[in-house]
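The values are calculated or read from the model by the stated rules, or taken from the named source; none is laboratory data. Bear in mind the structure is a predicted one, so any value in this text is a computation, not a measurement. Here Cβ is always computed from backbone atoms with ideal geometry, including for glycine, and neighbour counts include all displayed protein chains. These accessible areas exclude ligands, DNA and RNA; they are computed on the full protein's heavy atoms, side chains included. Shrake-Rupley method; radii C 1.70, N 1.55, O 1.52, S 1.80 Å.
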Amino acid sequence: MAFSGNYMCSSFKQELLYGAHDFDSSTGDTFLLALYTSAATLNAATTAYTTSNEVASGSGYTTGGQALTPVNPSVSGTTALTDFADETFTSATITARGALIYNSTPNTTSVALTNPSVIVLDFGSDKTSTAGDFTIVFPTADASNAIIRIA
């Protein structure tokens, strides 16, 4: 099995300390979600977007994925968190095993980056849509469940 869980990419954690990622919902960076087949090898060591074993472009999907709508970061207790609005690929014929969230417009003042990875999502099994909606539902944006949490 190529996917083995959900991960906040290790390189992303370091890049945060360089100020490379801006999650502001109105003026921040552009984050995309790309879909991958079960042949993809994505994990915590994934450093950047790749087309290797990405779902084929065609009915309802374009190489590179779709832009996500970020939710402004917040704090709950001692945990900082951010989230994205659920994402739908409409009228799509897709079979995907997982996804990669990556930043297509990082701040490169302090570090050279091209499409750095943020999060690897493992769907647990192949998920399929046939000429219908393929929707990624993000977890509740709270200190215990948000897709990106720093405690």
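Whole Å is fine, so just give me how far the alpha carbon centre of region 1-47 lies from that of region 55-91. Comparing the Cα centres of region 1-47 and region 55-91, I get a distance of 11 Å.
What is the magnitude of the charge dipole of the chain about its Cα centre, with +1 placed on the Cβ of each Lys and Arg, -1 on the Cβ of each Asp and Glu, and no other charges, expressed in debye to the nearest 20?
Taking the Cα centre of the chain as origin, the dipole is about 280 debye.
Summed over the residues of region 1-123 and divided among them, the accessible surface reaches 45 Å² per residue at a probe radius of 1.4 Å.
Tell me which residues come under 5 Å, amide H to amide H, from S59 once H is placed; ignore anything under 5 positions away on its chain. Result for S59 returns T93.
The three principal axes of the Cα atoms in the chain give end-to-end lengths of 41, 31, 30 Å, sorted in falling order. The GNM of the chain, with springs linking C-alpha atoms under 10 angstrom apart, assigns the highest mean-square fluctuation among I101, I136, I119 to I136.
Top mean-square fluctuation among S129, S76, S25, Gaussian network model of the chain, C-alpha springs under 10 Å? Of S129, S76, S25, the most mobile in the Gaussian network model is S76.
Multiplying the residue separation of T135 and S4 by 0.36 nm and subtracting their alpha-carbon distance yields 45.1 nm. Secondary-structure-derived ellipticity at 222 nm for the chain, considering helices only, amounts to -1500 deg cm²/dmol, per-run term -39500 (n - 2.57) for DSSP H runs with n ≥ 4. Fully extending the segment from A151 to T108 would add 12.9 nm, taking 0.36 nm per residue of separation and subtracting the current Cα-Cα distance.
Stretched out fully, how many nm does the piece from S25 to S38 gain, at 0.36 nm a residue minus the Cα gap?
Contour length minus Cα-Cα distance gives 1.5 nm.
When the chain is treated as a Gaussian network with alpha carbon springs shorter than 10 Å, the biggest mean-square fluctuation among T130, T82, T50 belongs to T130.
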